[in-house]
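Trainee: Below is one structure. I have some questions about it.
The values are calculated or read from the model by the stated rules, or taken from the named source; none is laboratory data. Quantities reported herein were computed from a predicted structural model and do not represent experimental measurements. FYI the Cβ positions are ideal-geometry reconstructions off the backbone, even for glycines, and counts take in every protein chain you see.
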Amino acid sequence: MGIDRRAFLKIAGLSTMLGLGGKAALDVFAPGEVEASTKGVPLTAGKRWAMGIDVRLLDDKVISEATAACHRHHNVPDLASAKEEIKWIWEEDYEHSFPGHQHEYVGDDIKHAKFLLLCNHCSNPPCCRVCPTKATWQRPDGIVMMDPHRCIGCRFCMAACPFGARSFNWGDPRRVTRIPELIAKNPGFPFNKDYPTRSKGVVEKCTFCVDLLEKGEQPLCVTAANKIKKGSFTFGDLSDAESSIRVLLRKRYSLRRKSELGTNPNVFYLI
Amino acid sequence: MYDGGKIIAGLIIGIGLLMSPFFYNAGKAAKEPERALTDKAKQAKQCVMDKAYMTSSHFSLLDEWRHTVVRDGERYYKRADGKVFYKSLQVTCMDCHSNKANFCDQCHNYMAVTPYCWDCHIAPEEKK
């Protein structure tokens, strides 16, 4: 004989409760996974900006010119202190650029190569997930933007970023115009009178030169580096299969920093 | 009322003391500062909105501009007559109104407001 109405209702109620509890338990045990699965999906609308850096073409001149072009345009001061350092783009050695990749038998050309690091504008940016004020967020074109008007200086994003791409203003950056030993290091600060400085207590980082992209130009490090070594930097739209960056990524093998962390970096190092 | 005379006298003295700043400053109201326009601003004749709106609500416009520029990436503003402006306090506004001391600060001091724009944005250099 089949079940009666009472038994059916009991079973239905119990299974509903289990279903609800089971879903909640899943959320509690794996919140990261649930969020990541929605955030990690790359947006297909519009463009997806990415950068390719040819490691073979990086030399001291390219590195210093690209860094100077960026830091001068964005009024990034030289504070002559590793603790207070502000950096948007910076030089690093192989071991610290690609920890986990290195082993004792790596050839000297790579082992002693210099790399240029910057914000990776990850497709799954952990910094944006932890920001309590949405002062940093991901634009539809993939750029991880920073709104210093909204930043409260909590530095959660700095703790979240596995690439050290964010710098905190421990003091007013304009102090470089007042402290004698820093004046000499920053002649004419602010270098670019058309770009703001930052204030004490906000975090800053590379913006992929969003102001220039919106004018139809390329980021400054790309332009500066390509002036010295053509093809050392490539910048383009990942969503277009025939864009320069996509063609290059098909042709050459590339590394991304700490890709095992799942942040999906958009700066590619061509080996 | 016990000791009515003392209480009333005390009240009069007390209220008199409280009101003394008003009597002391009566008729000496600070004059509303006059907006000084640079030659460039005078020549342009019209700002991005009409004068009345700019006087009363320029901060709302600036707030909207910074929001749409930084957060939405909309960098251009079209005036009612079709003229297009690059939305930037530092580059566009201060290009015409390069006399920050007489144009911004004077009025902000009068109204006792201290906007923090200039903590980051760079003010144009002025001849003293």
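Trainee: Hey, could you check segment B:59-73 for residues that are of a type in the set (Asp, Glu) and within 20 Å of the chain's Cα centre (by Cα) and say which is farthest from the other protein chains (Cβ to nearest Cβ)? Walk me through how you get there before you give the answer.
Mentor: Residues of segment B:59-73 that are of a type in the set (Asp, Glu), as a first pass: B:63-64, B:72.
Keeping just the survivors that are within 20 Å of the chain's Cα centre (by Cα) gives B:63-64.
Values: B:Asp63: 9, B:Glu64: 13 Å.
Of everything passing the filter in segment B:59-73, B:Glu64 is farthest from the other protein chains (Cβ to nearest Cβ).
Trainee: Taking segment B:74-95 on its own, how many of its residues are within 17 Å of the chain's Cα centre (by Cα) and either part of a loop (DSSP other than H, G, I, E, B) or over 30 Å from A:Asp141 (Cα atoms) (or both)?
Mentor: 1
Trainee: Another question, then. Are any residues in segment A:162-208 out of contact with any strand residue (DSSP E or B) (no Cβ under 8 Å at 6 or more places or on another chain), acidic (Asp, Glu), within 12 Å of another protein chain (Cβ to nearest Cβ) and touching a residue at least 12 places away in the same chain (Cβ under 8 Å), and if so, which ones?
Mentor: Within segment A:162-208, just A:Asp172 meets the criteria.
Trainee: Further, regarding this structure: Restricting attention to segment B:96-112, which residues are among the hydroxyl-bearing types (Ser, Thr, Tyr) and in a helix (DSSP H, G or I)?
Mentor: From segment B:96-112, those among the hydroxyl-bearing types (Ser, Thr, Tyr) are B:98, B:110; that's our starting set.
Passing the criteria: only B:Tyr110.
Trainee: Being of a type in the set (Gly, Ala, Ser) and over 17 Å from A:Glu204 (Cβ atoms) is the filter here, so list the residues in segment A:106-144 that pass it.
Mentor: A:Gly107, A:Ala113, A:Ser123, A:Gly142
Trainee: Scan segment B:113-126 and give yes if some residue there is away from chain A (no Cβ under 12 Å), of a type in the set (A, V, I, L, M) and assigned to a helix (DSSP H, G or I), otherwise no. Write out each step before concluding.
Mentor: First, pick out the residues of segment B:113-126 that are away from chain A (no Cβ under 12 Å): B:113-114, B:126.
Filter once more, keeping what is of a type in the set (A, V, I, L, M): B:113.
Keeping just the survivors that are assigned to a helix (DSSP H, G or I) gives none.
No, segment B:113-126 has no match at all.
Trainee: Report whether or not A:Ala159 is within 27 Å of A:Lys200 (Cβ to Cβ), of a type in the set (A, V, I, L, M), away from chain B (no Cβ under 14 Å) and surrounded by fewer than 15 Cβ atoms within 10 Å (Cβ to Cβ).
Mentor: Values: within 27 Å of A:Lys200 (Cβ to Cβ): yes; of a type in the set (A, V, I, L, M): yes; away from chain B (no Cβ under 14 Å): yes; surrounded by fewer than 15 Cβ atoms within 10 Å (Cβ to Cβ): yes.
Yes, satisfied.
Trainee: Would you confirm whether or not segment B:41-51 contains a residue that is acidic (Asp, Glu), surrounded by 11 or more Cβ atoms within 10 Å (Cβ to Cβ) and outside any helix (DSSP H, G or I)? Explain how you work it out, then say what you get.
Mentor: Taking segment B:41-51 and keeping what is acidic (Asp, Glu), we get B:50.
Then keep just the ones that are surrounded by 11 or more Cβ atoms within 10 Å (Cβ to Cβ); that gives none.
No, segment B:41-51 contains no residue that is acidic (Asp, Glu), surrounded by 11 or more Cβ atoms within 10 Å (Cβ to Cβ) and outside any helix (DSSP H, G or I).
Trainee: Quick one: A:Glu217 ticks every box in (1) within 13 Å of chain B (Cβ to nearest Cβ); (2) closer than 20 Å to A:Cys119 by Cβ; (3) at pLDDT below 95; (4) crowded, with 20+ Cβ neighbours inside 10 Å bar one, so which box is it?
Mentor: (4)
Trainee: Please determine whether any residue of segment B:85-105 is more than 14 Å from chain A (Cβ to nearest Cβ) and charged (D, E, K, R).
Mentor: Yes, segment B:85-105 has at least one match.
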